[in-house]
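Take a look at the structure below.
The values are calculated or read from the model by the stated rules, or taken from the named source; none is laboratory data. These numbers were taken from a predicted model, which means no experiment stands behind them. Note that we place each Cβ from the backbone using ideal geometry, even for glycine, and neighbour counts take in every protein chain shown. Keep in mind that these areas ignore ligands, DNA and RNA; they rest on the heavy atoms of the full protein, side chains included. Shrake-Rupley method; radii C 1.70, N 1.55, O 1.52, S 1.80 Å.
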Amino acid sequence: MSEVKDTQGQLWEVFIQTKKGLPFKHFGSVHAFDKEMAIQNARDLYTRRGEGKGMWVVPADAIVAVDPNNDASFFEPADDKIYRHPTFYELPDGTKNM
Amino acid sequence: MGAEELDVLFQERIDANDKIEPRDSMPEEYRKHLIRQMSQHAHSEVIGMQPEGNWITRAPSLRAKKILLAKVQDEAGHGLYLYSATETLGISREELIEKLHQGKAKYASIFNYPALTWADMGAIGWLVDGAAITNQVSLQRTSYGPYARAMVKICKEESFHQRQGYEIMASMANGTAEQKEMAQDALNRFWWPSLMMFGPHDSDSPRTGNAMKWKIKREFNDVLRKRFIDKTVSQAELIGLTIPDKDLKWNEENNSYDFGQIDWDEFWSVVKGGGPCNVKRLKHHKKAHQEGEWVRKAAAAYAQKHSSK
């Protein structure tokens, strides 16, 4: 036991669904030593006023993110495909319900 | 890209009201400024639990006790939101706590004043949380994304804190003569320290320049202080209490109150450790942290054992 380090636990990211049927949204993070503790800490920290109907906790180091410094061009492929947007199309005058 | 060029690009983003996110490039001084300010803010929430925690076992009714428990739990939560937000700048929770224990990181001086009577629970909620809200509403627009988001969450919850405090003050002010006297005494003791919570005059605040340039701070200390006074005076009048400032006077021309001199010697003395409870607050935090060490170690050992199965 003495070789166990005194830490505050690992970082977990918390995602909450505020109403049934809505998407889960990132709410913040918590420290915990295992998944049970993570979900209990997240409940106590983020849903004290009935904010939650569903909850995910994910170890922060399991999240893969785009690096904003080196991947500025990452989202570029979408830029030249304006025909993916409905406003690209010319419709005859008087078209309704479209 | 050279450092100067990066600084120019960074300032352009700030000027365009872009939010800065954890992995974005930022000047080292911006990062340092945020770590100092945000950790001080986090420590304030946590140390702020002490004066109120002191009254949980002595609350005058079960209703009052439940409310106070919920409020102190909220303060712990606010501390955690802010610690997490500070950690996104690349500093660990352990380091943050160590800096507090070494006296390298500060917390709000207001918590170095004692909570002597039940009326102080009212004064703290009404005035201390009221001043904190005034400041935090402004910080919802701070340039660092995680800090701004933490402020939005905190502001939503703080309004309950202020109302519960004002309710205590109102019921005591309308109670027996003795109760009213206690309420007035609490207001007398907490009024000036609450005004000091906004910090020194901007002309005496060496870091204001950078903080405004980088939009970490969005409004000046003196502006926020004035806003707090303007909205609080009529709340005191409504419940028949008197603000302890003989120079307080409505100024028709400025559409705002003129008020007396703040005792800045007292402010600086408390900041430097000379307040009534500085030693006690830090000692208690260290003790609680040390006494929790075996719990953290046991939890780590348990998690380790179960993950290796």
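Computed packing ranks the peptides A:13-23, B:78-88, A:57-67 as B:78-88, A:13-23, A:57-67, most packed first, by mean other Cβ atoms within 10 Å.
Across peptide A:25-37, the mean count of Cβ atoms from other chains lying within 10 Å of each residue's own Cβ comes to 4.
Each peptide in B:297-306, B:134-143 receives the mean, over its residues, of other Cβ atoms within 10 Å, and ordering these scores from highest gives B:134-143, B:297-306. Between residue A:83 and residue A:6, the simple label model (points 7 Å from Cα in the Cβ direction) yields a spacing of 6.6 nm.
In the elastic network of chain B, a GNM with C-alpha springs shorter than 10 Å, the most mobile of B:161, B:43, B:285 is B:285. One Cα centroid belongs to the stretch A:1-48, the other to the stretch B:193-240; the line between them spans 35 Å. Within 10 Å of the Cβ of each residue in A:4-16, the mean number of Cβ atoms contributed by other protein chains is 4.
Under a model in which nothing but the beta-carbon of Lys, Arg (+1) and Asp, Glu (-1) is charged, the protein assembly as shown shows a dipole of about 1640 debye around its Cα centre.
Each 10 Å bin, from zero up to the one with the longest distance, holds this percent of the alpha carbon pairs of the protein assembly as shown: 4, 18, 27, 24, 15, 7, 3, 1, 0. For the stretch B:255-271 versus the stretch B:143-184, the inter-centroid distance based on Cα atoms is 21 Å.
Projecting the Cα atoms of B:76, B:298, B:254 onto the charge dipole of the protein assembly as shown (Cβ charges, centred on the Cα centre) puts B:298 farthest toward the positive pole.
Structural size metrics of the stretch B:172-296, computed from C-alpha coordinates, are Rg and Dmax of 18.8, 62 Å. Amide H contacts of residue B:256: B:251, each under 5 Å away and 5 or more positions distant or on a separate chain (H built 1.01 Å from N in the peptide plane; Pro and chain starts excluded).
Packing, taken as the mean count of other beta carbons within 10 Å per residue, orders the peptides B:119-129, A:74-84, B:16-26 from highest to lowest as B:119-129, B:16-26, A:74-84. Comparing B:10, B:123, B:64 along the charge dipole axis of the stretch B:1-134, the residue lying farthest to the positive side is B:64, per the Cβ-charge model.
For chain B, modelled as a GNM with alpha-carbon contacts under 10 angstrom, which of B:118, B:294, B:192 fluctuates the most? Maximum fluctuation in the GNM of chain B, among the listed residues, is at B:294.
Under 5 Å between amide hydrogens, built in the peptide plane, is the criterion, and for residue B:217 it picks out B:212 among residues at least 5 positions away or on other chains. Taking amide H atoms as placed 1.01 Å from N in the peptide plane, the amide H of residue A:27 lies under 5 Å from those of A:14, A:15, A:16, each 5 or more residues away in sequence or on another chain. Other protein chain C-beta atoms within 10 Å of residue C-beta, averaged over B:129-141: 0. With an a/c value of 1.5 or above and a/b not larger than b/c for the gyration tensor axes a ≥ b ≥ c computed over the alpha-carbon atoms, chain B is described as oblate.
Computed about its Cα centre, the charge dipole of chain B is approximately 1440 debye, with only Lys, Arg, Asp and Glu carrying charge at their Cβ. The alpha carbon centroids of the stretch B:96-128 and the stretch B:1-51 are separated by 24 Å.
Given a 1.4 angstrom probe, I'd like the percentage of the accessible area of the protein assembly as shown that is carbon and sulfur, rounded to a whole number.
Numbers: 12380 of 22670 Å².
Carbon and sulfur: 55 percent of the exposed surface of the protein assembly as shown.
Cα-based Rg of the stretch B:161-225 per 2.2 N^0.38 Å, rounded to two decimals?
Values: Rg = 17.1 Å, N = 65, 2.2 N^0.38 = 10.7 Å.
Normalised Cα radius of gyration, the stretch B:161-225: 1.59.
Principal axis analysis of the Cα atoms in the stretch B:1-150 yields extents of 63, 32, 21 Å, listed in decreasing size. Compactness of the stretch B:229-271, taken as the C-alpha radius of gyration over 2.2 N^0.38 Å, stands at 1.38. For chain A, a simple Cβ point-charge model (Lys and Arg +1, Asp and Glu -1, everything else neutral) yields a dipole of about 780 debye relative to the Cα centre. Considering only B:268, B:234, B:176, and ranking their Cα positions along the charge dipole of the stretch B:168-282 that arises from unit charges at the beta-carbon of Lys, Arg, Asp and Glu, the one farthest toward the positive end is B:268.
For n ≥ 4 DSSP H runs only, could you compute -39500 (n - 2.57) per run for chain B, divide by its residues and tell me the 222 nm figure to the nearest 500? Kindly include the intermediate steps, with their values, before the conclusion.
Details: 14 runs with 198 residues, N = 309.
Helices in chain B give a 222 nm mean residue ellipticity of -20500 deg cm²/dmol.
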